[in-house]
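I have placed the structure first, in the form of structure tokens, so that the comments after it can refer back to it.
Every number here is computed from the coordinates shown, using simple stated rules; none is lab data. Quick caveat, the model's predicted, so the values are computed rather than measured. For neighbour counting, all protein chains shown are included, and Cβ atoms are generated from backbone atoms with ideal geometry for every residue, glycine included.
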Amino acid sequence: MIHQSKSYIKFLRLSKNRHGAHSPFVYDLVTKCFNDTTNYPEYEILKSHRKALQNDPSMVEMKDFGQGSRVFKGNARKVSAVVKNAGMKKKRQKLLFRLASYFKSENTLELGTSLGLGTVALSLSNEFASIKTVEGCPNTLRKAQDYFEKFNLHNIEIHQKIFSDFLLENTSQKYDLIFIDGDHNGERTLGYFNSLLKNIHNDSIIIFDDIYWSKDMTEAWQQIIANEKVTVSIDTFQWGMVFFRNEQPKQHFVIRIG
């Protein structure tokens, strides 16, 4: 937690708003996506889905394949408590929806389904979208799938596997958007990134959650943005985003999101 606090102070000192983004690509992204205040009708579905989870008193035996939880001691967890204490926050869920919509992402991969808050945002972002979501814990995935069916989301393909196994078995698929939100181990995250380089194209985006979770996660993020294939990288503190646009000069941005 000390690492996060120190990192946030540094982030505030370095971060800019849209006027600090001298790349037209990034300026448009900040203006038209990050700062988009449109009240999309899909937000109501996101709200209803979240509320249903918040009102779910059932217990699920959750197995952590990543770094584990800083909130929960045991594996038996109430669904409503997981959403409250460890689920994706509303603003970030809406941002994920807008990002996938802005880039018109059709082939999407999510590593870390959890209870499906991010998955639902991705599912609703584009009527032509196909979402592959990967979760190691079968009980968690089963609960998420129950809600996908309840909300008639039929463009989600679930995979109950650990991330490394899934990536080894899926080497040819190209993804428009990849969201990594299920393992806060720096070494493994770097491994996922290197493995996914064969699954990206010029206009792909990879989003990493919790890049300041720990020193090793931040070190992994620094190695990722230094990779020669990454041209544009954006640090929003909670998330790190990387792009592979050959037409762009290599630039790094630190941007505050309201």
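Quick rundown of the values:
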quantity: Within the stretch 93-159: Cβ-based charge dipole about Cα centre, in debye rounded to nearest 20 (Lys, Arg +1; Asp, Glu -1); calculated: 200 debye
quantity: Theoretical FRET efficiency, 1/(1+(r/R0)^6), r = Cβ-Cβ of residue 152 and residue 194, R0 30 Å, to 0.05; calculated: 0.20
quantity: HN-Hα J in Hz across the stretch 163-176 - Karplus 6.51, -1.76, 1.60, θ = phi - 60°, x for Gly and Pro; calculated: 4, 4, 5, 4, 5, 5, 8, 10, 9, 9, 5, 9, 10, 7
quantity: C-alpha long axis of helix 2-14 to longest principal axis of the chain, angle in °; calculated: 40 degrees
quantity: Rel. contact order, % - alpha carbon contacts under 8 angstrom, at least six apart, the chain; calculated: 18 percent
quantity: Nearest-ten-degree value, helix 186-196 long axis tilted from longest Cα axis of the chain; calculated: 80 degrees
quantity: Shape metrics for the stretch 2-254, restricted to C-alpha atoms - Rg then Dmax, Å; calculated: 17.4, 50
quantity: Reachable aspartates and glutamates, given that their alpha-carbon falls under 17 Å from the alpha-carbon of residue 90 and they are not under 8 places away in the same chain; calculated: 36, 42, 44, 181, 209, 210
quantity: Length-normalised contact order of the stretch 38-181 in % [C-alpha pairs under 8 Å, at least 6 apart]; calculated: 24 percent
quantity: Distance-filtered residues of the stretch 31-45 - backbone nitrogen under 19 Å, label point 7 angstrom along residue 16 Cα→Cβ; calculated: 31-36
quantity: Segment residue 222-residue 6, length gained on full extension (0.36 nm per residue, minus Cα span); calculated: 76.1 nm
quantity: Backbone HN-Hα couplings from phi across the stretch 151-159 [Karplus 6.51/-1.76/1.60, Hz, Gly and Pro as x]; calculated: 9, 6, 9, 10, 9, 10, 10, 8, 9
quantity: Partners for residue 143 among aspartates and glutamates (Cα-Cα distance below 16 Å; same-chain residues under 8 apart left out); calculated: 56, 61, 64, 135, 157
quantity: Point-charge dipole on Cβ atoms (K/R +1, D/E -1) for the chain, about Cα centre, debye to 20; calculated: 1020 debye
